[in-house]
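Take a look at the structure set out below.
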Amino acid sequence: MRYSKGFKASIVRKTMDGTGRTVNEIAKECGVHTATISAWIELYRTGTLSLDGSDAIPPSHRHPGEKLALLLESKTVATDEVGDWLRRRGLHSEHLPLWEQELISMANDTNKTNKDDNTALRKENKRLQKENERQKQALAEAAILLTLKKKYQNLFEDDKEG
């Protein structure tokens, strides 16, 4: 999964903002593994990752998880600081509502897809149960026929001996 430089920088900034939150807490909050965050911190320390918020990935091409994290983070920013927050992340004010709609439609599409899949699986399950029942009946009939065949042979063997 590829994260933008801006997202990486925002996560590293969270680890160094002086609030005392651990990397584990930030990882749980953002949905990024702690090892990944530790690697980003190391990139920052070596000078490979800049915290200026410059980003090579345009806002429209960001990963849905990153979009959700930014949307959630934007809800915690005071209204008078939103402009500065957007500039630091290379965003415009119209990105947030668009992403919100995009994520809602993705969730709805996923729900519809899951519902369609469940319906198909229920039909397949019902078909397989019918087939299983048919095979059980055929097996029972075959067992009865074998039993009758053995009894029939035994019945006439007694007559031949006498």
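Here are the criteria: (1) more than 19 Å from Tyr3 (Cα to Cα); (2) among the basic types (Lys, Arg); (3) modelled with pLDDT under 80. Tell me which single one Lys115 does not satisfy.
(3)
Where the second residue is charged (D, E, K, R) and loosely packed, with under 10 Cβ neighbours inside 10 Å and the first is touching a residue at least 40 places away in the same chain (Cβ under 8 Å) and lies in region 112-132, which pairs have Cβ atoms under 9 Å and are six or more apart or on separate chains?
none
For region 5-25, name all the residues that are more than 20 Å from Arg62 (Cα to Cα) and part of a helix (DSSP H, G or I).
Thr15, Val23, Asn24, Glu25
Among the residues of region 82-90, is there at least one that is at pLDDT below 80, surrounded by 11 or more Cβ atoms within 10 Å (Cβ to Cβ), in a loop (DSSP other than H, G, I, E, B) and not polar (S, T, N, Q)?
The answer is yes, given that some residue of region 82-90 is at pLDDT below 80, surrounded by 11 or more Cβ atoms within 10 Å (Cβ to Cβ), in a loop (DSSP other than H, G, I, E, B) and not polar (S, T, N, Q).
Among the residues of region 34-46, is any within 23 Å of the chain's Cα centre (by Cα) and touching a residue at least 60 places away in the same chain (Cβ under 8 Å)? Let's see the steps before the verdict.
Filtering region 34-46 for residues within 23 Å of the chain's Cα centre (by Cα) gives 34-37.
Now narrow it down to the ones that are touching a residue at least 60 places away in the same chain (Cβ under 8 Å): none.
Among the residues of region 34-46, not one is within 23 Å of the chain's Cα centre (by Cα) and touching a residue at least 60 places away in the same chain (Cβ under 8 Å), which makes the answer no.
Only one of Asn108, Asn154 is over 22 Å from Ser4 (Cα atoms), modelled with pLDDT under 85 and surrounded by 10 or more Cβ atoms within 10 Å (Cβ to Cβ). Can you tell me which?
One residue alone meets the criteria, Asn108.
Across region 1-22, what is the number of residues that are more than 21 Å from Arg88 (Cβ to Cβ) and either over 23 Å from the mean Cα position of the chain (by Cα) or modelled with pLDDT of 85 or more (or both)?
Selection size over region 1-22: 2.
The values are calculated or read from the model by the stated rules, or taken from the named source; none is laboratory data. As the structure is a prediction and not an experimental result, all values here were calculated from the model. Methodologically, a virtual Cβ is constructed for each residue, glycine included, from the backbone with ideal geometry; neighbour enumeration extends over all protein chains shown.
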